[in-house]
Every structure is written in C-alpha cells, then in structure tokens.
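The structure appears below as structure tokens.
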Amino acid sequence: MRLQVVIAASVLAVILIGLSTDVDGQSTRGVRRRNRFGRIGRTGRSRSRTRLRSGGGRGGRGGSSSCGENQRRKRGGRCVPKSQDPKGVPAKKGSMGPLPGAPNLNEITSIVTRWLDENAERIPNMVQLVFHSCVGGCDGCINTNSPSNKGLIGSYREVQALWKNEAKQGISLADFVVLLGTKAVEHGMRRNGGPGPRTVEFTTGRTSCRDPTNYLKVFNFPKGQNTDAIEFLMSHFGIPSRGLAVALMGAHSLGVCRTENSGFEGRWDNTPLTLDHSYYRSMLGTTWSITDAPGNEFTQWSANDGRMMLNADLHLQRDFAVNSRPSCGPISERCPENGNDVNFVRQFANNQQDWSFQFIRAFLIMVSKR
C-alpha cells in the first residue's frame, strides 16, 4: 500500500513539472510524452529533481541562493547578467553599460565640444537630429529608412561611432544625442555675437531604444508643405503656448534645405551656421514669391538671393490654406496676416535676447520628453 502511494505521488509530480520548462529554458516535451503513455523514465525523474533544486517554476522558488548585484533571475531559475535581454541574448541597447575605460560626464562633454569645434558644419544636423529623435520620446534613435530622416543618416552614424569609440558609452545613446544637440545649440548661439544666453542646461537619465541599428518605428513629422507645424510642436512635445512653439521654429535659422534630401532647396537666412533671430527678420523683410520646389510636387516661397521659406514657415506670418498650392499669391504681400502668430514673429525679430530665452525654454521642454 505504501509503495502504491509513493508511485502515485511520483507520477503526479512528473505531470505537474512537465507543464513548465527546464532550467535551461528548453521544452520538457519528452517528459510530457512519457507521462502520456504512463512511463516514468530515469531522464524524467532527473529533470524533475534538477528543476526543484534550482528553484524552477514560475514562482522562482527553491533552494538556490539569490542572484548577484548585477544579475537577475530568469523564469527558469538561472541567474544571468542584467545586460541580457529576456531571452538570454546580449541586448543591443543604447542604454547598455559603459565600456572599459569610459570617461565621466565632464570628459564626455569635452569630447562633444571638441568634436563640434572641429565639425562646425554639423551644428545644424545635430539640432535637427535631437528634434527627430525626440518625436515619440527622446530615445536617441531614428528610423534611417524614413524619408524624413534622409538628410541625417550620415551624421547619425558619426554620432553612434563617437558615442561608442570616444565616449565609450559612458552615458546612454539617448543622453548622448541630447548632449550633442544641446552643445550644438550653445555653439550656434555663441556664433551670433548678440545678446542672450550662451549655456543650456543638460541632465541625464534617458533610456535608449533597444537596437539603434535596426530602429523601425514610424512617426509623422511636420511636413514643409503643410501649415500645422505649431500644432505639431504643441501636441507632440507638450509646448504649452503658441509663443514658445514659434520660438522653437527659430531653429530654422540653422541649416539649408537640399533637393536630394527633402525636395526643397535654399536657406532660411544668410547665416546658416548661426543660431539667432535672423530667421524672423528674414521672414518679415522679404517679398516672397511662390515657386515650384525643384525636387517634389510641392511649392516653396523664394527670394531672389537663394533664400526660401516653406509653407510651414511663412504661415507664421501669413494666413493661407494649402491644397496643391497656397490659396493666395503669387507674392506673399497678397496674403493676409496670420493673427495667431505674426506678433510673435515681430517680437522675436526685434529682440534677439527675448527670443534666445524663449527658444531655450522650449528646447528644454522638448528634450525632457521621455
């Protein structure tokens, strides 16, 4: 009688344990097969004992000791490094720990500053990169397959190499991209020579995307041919007022549009490596003409000296709708003023210091998005 009870208990234990996985994360299908035919082999018993000893099962209970400080327990009971993903494979994270010999934050900041000094032509791209990486949350990553990021691919690869080889992943990639953008803003503002702040606060703590080399998320970016840029900035970044959103648009003081990247061509003002209020002065002080964009089916507003404005820009000053072409024209003076935003444009055109403070305030809101 006692022998029958022991055998029955053993059968029940094997059946229950056969519903889970073993300590190596492999299927115990063979155990279930033996249960199905009423056999209890030596292999089935040894696997059961191993599971019980190692604390297997969903509760993670058992006689094994706790994991180390830099380890975590898998569902099967094993301790694995925290840098491994749930499948036990090393994760390709921009937030992985620093490499050996990684510099501290002050040293990383010096690396970034020196790189921008040596590559001033990258200042506009770094500001654009931080904007694009913060749409959806500042995770340090962009989808290189997206047409909206076409002009950033080369610069983004440089940033990744700099983060790994020079900064040695001392901070997350997400923080590194924001740091580069922040220092690019400071560099651009220092070049203007006018009144206003020259430093921008930077904090760490952002989490990077899982795999920066294979980032496939698709986000909608404001389109140059549309007129909803202010609404986009307020809704996606939590910019609390139209005035701050108009101030953030002043980033277009940097850089140029290139046909091969966006289909549009030209610069917003005559100092494309300087971050200042010239964007607003250029907008107000020019008679703009509607022209066909050279690389797409849309239009842009052009001056006779190579400057241009997109619909998204000129709509800050002028009120018009867009179907295939703006609803007014062919010159900007024939369009009524935009009562919502034109006063902010005038305010910033007349006061660089005011614009600088408002721009930095909006920028810090944007890069705080997690």
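The values are calculated or read from the model by the stated rules, or taken from the named source; none is laboratory data. Source: prediction; values computed, not measured. Because the Cβ atoms are built from the backbone with ideal geometry, glycine has one as well, and the counts that use them run over all protein chains shown. Just the protein is used for accessible areas: all its heavy atoms, side chains included, with ligands, DNA and RNA removed. Shrake-Rupley method; radii C 1.70, N 1.55, O 1.52, S 1.80 Å.
Rundown of residues vs (1) part of a loop (DSSP other than H, G, I, E, B); (2) open to solvent by 20 Å² or more (accessible area, probe 1.4 Å), yes/no style:
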{"site": "K168", "(1), (2)": "yes, yes"}
{"site": "A174", "(1), (2)": "no, no"}
{"site": "V178", "(1), (2)": "no, no"}
{"site": "K183", "(1), (2)": "no, yes"}
{"site": "E186", "(1), (2)": "no, no"}
{"site": "M189", "(1), (2)": "no, no"}
{"site": "G196", "(1), (2)": "yes, yes"}
{"site": "E201", "(1), (2)": "yes, yes"}
{"site": "T207", "(1), (2)": "yes, yes"}
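Taking the conditions exactly as written (of a type outside the set (D, E, K, R), modelled with pLDDT of 95 or more and more than 27 Å from P195 (Cβ to Cβ)), does T299 satisfy them or not? Yes. Just for region 250-285: of the residues that are among the small types (G, A, S) and open to solvent by 40 Å² or more (accessible area, probe 1.4 Å), which one is nearest to P147 (Cα to Cα)? Going through the qualifying residues, I end up with S262.
Against the criterion of being assigned to a loop (DSSP other than H, G, I, E, B), touching a residue at least 40 places away in the same chain (Cβ under 8 Å), open to solvent by 20 Å² or more (accessible area, probe 1.4 Å) and over 24 Å from L248 (Cα atoms), K164 does not qualify. You will find that of S332, S324, S356, the residue that is polar (S, T, N, Q), without any contact (Cβ under 8 Å) to a residue 60 or more places away in the chain and touching a helix residue (DSSP H, G or I) at 6+ places or on another chain (Cβ under 7 Å) is S332 and no other.
Filtering region 315-364 to residues that are acidic (D, E), assigned to a helix (DSSP H, G or I) and within 27 Å of N296 (Cα to Cα) leaves only E333. Taking the criterion of being more than 30 Å from C209 (Cβ to Cβ), open to solvent by 60 Å² or more (accessible area, probe 1.4 Å) and touching a strand residue (DSSP E or B) at 6+ places or on another chain (Cβ under 7 Å), would at least one residue in region 323-332 satisfy it? Among the residues of region 323-332, at least one is more than 30 Å from C209 (Cβ to Cβ), open to solvent by 60 Å² or more (accessible area, probe 1.4 Å) and touching a strand residue (DSSP E or B) at 6+ places or on another chain (Cβ under 7 Å), which makes the answer yes. Here the condition is being open to solvent by less than 70 Å² (accessible area, probe 1.4 Å), at pLDDT below 95, within 29 Å of F232 (Cβ to Cβ) and part of a helix (DSSP H, G or I); of S148, S95, it holds for S148 alone. Which is under 18 Å from M189 (Cα atoms), at pLDDT 95 or above and assigned to a loop (DSSP other than H, G, I, E, B), of P272, P294? Result: P272 is the single residue among P272, P294 that is under 18 Å from M189 (Cα atoms), at pLDDT 95 or above and assigned to a loop (DSSP other than H, G, I, E, B). Those residues that are out of contact with any helix residue (DSSP H, G or I) (no Cβ under 7 Å at 6 or more places or on another chain) and buried (at least 21 other Cβ atoms within 10 Å of the Cβ), I need them from region 300-318; list them, please. Listed by number, the residues that qualify are Q300, M308, L310, N311, H315.
For G243, the conditions (1) over 18 Å from R122 (Cβ atoms); (2) touching a Ser or Thr at 6+ places or on another chain (Cβ under 9 Å); (3) surrounded by fewer than 21 Cβ atoms within 10 Å (Cβ to Cβ) are fulfilled apart from (2).
Within region 253-305, being more than 30 Å from the chain's Cα centre (by Cα) and acidic (D, E) holds for D292, D305. List every residue pair whose Cβ atoms lie under 9 Å apart, where the two residues are 6 or more positions apart in sequence or sit on different chains, the first residue falls within region 286-298 and is touching a residue at least 40 places away in the same chain (Cβ under 8 Å) and surrounded by 14 or more Cβ atoms within 10 Å (Cβ to Cβ), and the second residue, located anywhere, is assigned to a loop (DSSP other than H, G, I, E, B) and hydroxyl-bearing (S, T, Y). Matching pairs, first to second residue: F298/S324.
Kindly check whether there is at least one residue in region 240-258 that is at positive phi, touching a Cys at 6+ places or on another chain (Cβ under 8 Å) and not polar (S, T, N, Q). Taking every residue of region 240-258 in turn, none turns out to be at positive phi, touching a Cys at 6+ places or on another chain (Cβ under 8 Å) and not polar (S, T, N, Q). Within region 210-233, none of the residues are open to solvent by 50 Å² or more (accessible area, probe 1.4 Å), in contact with a Gly (Cβ under 8 Å, 6 or more places away or on another chain), of a type in the set (D, E) and in a helix (DSSP H, G or I).
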